[in-house]
Amino acid sequence: MKYLKNLSKKEREKIFGLFQKKTKLRFSEIEKTLKIRSNALAYHLEAMQKQELIEKKNDFYYLTKNAEKYIPNFSHLAENKLSPLPIVLVSIINKDKILLIKRTKRPYKTYWAMIGGKILLDESIEDASLRLVREKTNLNGKFKSINAVLHERVQEKGIIKYGFILFMTKISVDQLNFKETPSGKLKWFDAKKLKGKIVPSDSWLINNKLNSKINIENVMMDETNGKISKFKIKKSGF
């Protein structure tokens, strides 16, 4: 049974992979290309439709809009390759104080760090920064700037364990009273005289980049049936 499950996963990955080169496929095209028995292929296609990965229109199969989101990452996922994870690190500032969180999860468990998290697919860096502050501190702030970009890696005995692309941002808040959430313990620190067990890269960024500013261009393009119809660009950071 375990073998059959692994085989199903592998064959469905192959089916999904065909959509990297084509937006629509007939049953016969998939069967011929992958050399999968027709009854097995029908089973996989039906299962993938139930999972809302593909949909059928007339004689063709298409990826669903939700499944299209995985196309840029598919090769890495299928081949078990890892890339650095893009993360927003938010410096929450009130005058000369900065709000840090004590991490409860690995990596950097028990270390103090800037509020951080992933950028969701439909978010800008600004949007992600403001959301993370609301979710983890219950504070509403004003976005000030993008301060730095840092490629961070952690190794153990010469083997890379973690990798991140860090976007440091700054948000100012008018009040010191926060509300802790399950994300971790919060504490205000003197931004000019950091003390305690702080993630070294966070400490370096605060000491060296807190008052820096950089621009990052945001691009939005519209696509319809594989054709780009609009291109919009705007700067963010200041």
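Annotation: of all residues in the range 64-84 being of a type in the set (A, V, I, L, M) and out of contact with any Leu (no Cβ under 7 Å at 6 or more places or on another chain), the one that is surrounded by the fewest Cβ atoms within 10 Å (Cβ to Cβ) is LEU82. Among the conditions (1) in contact with a helix residue (DSSP H, G or I) (Cβ under 7 Å, 6 or more places away or on another chain); (2) surrounded by 16 or more Cβ atoms within 10 Å (Cβ to Cβ); (3) assigned by TED's automatic domain parsing to the domain that holds LYS185, the only one that LEU53 does not satisfy is (3). The strands (runs of 3 or more DSSP E) located wholly in the range 156-238 that include 2 or more residues which are within 24 Å of the chain's Cα centre (by Cα) and not assigned by TED's automatic domain parsing to the domain that holds TRP112 occupy 216-224, 227-236. Looking at the range 32-46, is at least one residue surrounded by 16 or more Cβ atoms within 10 Å (Cβ to Cβ) and under 27 Å from the mean Cα position of the chain (by Cα)? Taking every residue of the range 32-46 in turn, none turns out to be surrounded by 16 or more Cβ atoms within 10 Å (Cβ to Cβ) and under 27 Å from the mean Cα position of the chain (by Cα). One residue alone among ASN208, ASN147 is touching a helix residue (DSSP H, G or I) at 6+ places or on another chain (Cβ under 6 Å) and either of a type in the set (Gly, Ala, Ser) or at pLDDT 95 or above (or both), and that residue is ASN147. Can you give me the number of residues within the range 158-169 that are buried (at least 22 other Cβ atoms within 10 Å of the Cβ) and more than 10 Å from MET114 (Cβ to Cβ)? Number satisfying all stated conditions: 1. Remark: pairs (first residue in the range 177-190, over 12 Å from ASN94 (Cα atoms) and surrounded by 11 or more Cβ atoms within 10 Å (Cβ to Cβ); second residue at pLDDT below 95 and of a type in the set (S, T, N, Q); Cβ separation under 6 Å; 6+ apart in sequence or on different chains) = GLY184/THR104.
Report yes if ALA128 is small (Gly, Ala, Ser) and outside any strand (DSSP E or B), otherwise no. Here the answer is yes, as ALA128 does meet what is asked. Taken over the range 125-139, the criterion of being crowded, with 16+ Cβ neighbours inside 10 Å and either hydroxyl-bearing (Ser, Thr, Tyr) or within 12 Å of LYS179 (Cβ to Cβ) (or both) is satisfied by SER129, VAL133, LYS136, THR137, LEU139. Candidates GLY226, GLY196: the one that is exposed (fewer than 10 other Cβ atoms within 10 Å of the Cβ), touching a residue at least 40 places away in the same chain (Cβ under 8 Å) and not charged (D, E, K, R) is GLY226.
Against the test of being touching an Asp or Glu at 6+ places or on another chain (Cβ under 8 Å) and within 25 Å of ALA191 (Cβ to Cβ), the options LYS105, LYS97, LYS144 yield a single qualifying residue, LYS97.
The values are calculated or read from the model by the stated rules, or taken from the named source; none is laboratory data. None of these values were measured; they are calculated from a predicted model. Neighbour counts run over all protein chains shown; Cβ positions are idealised from the backbone, glycine included.
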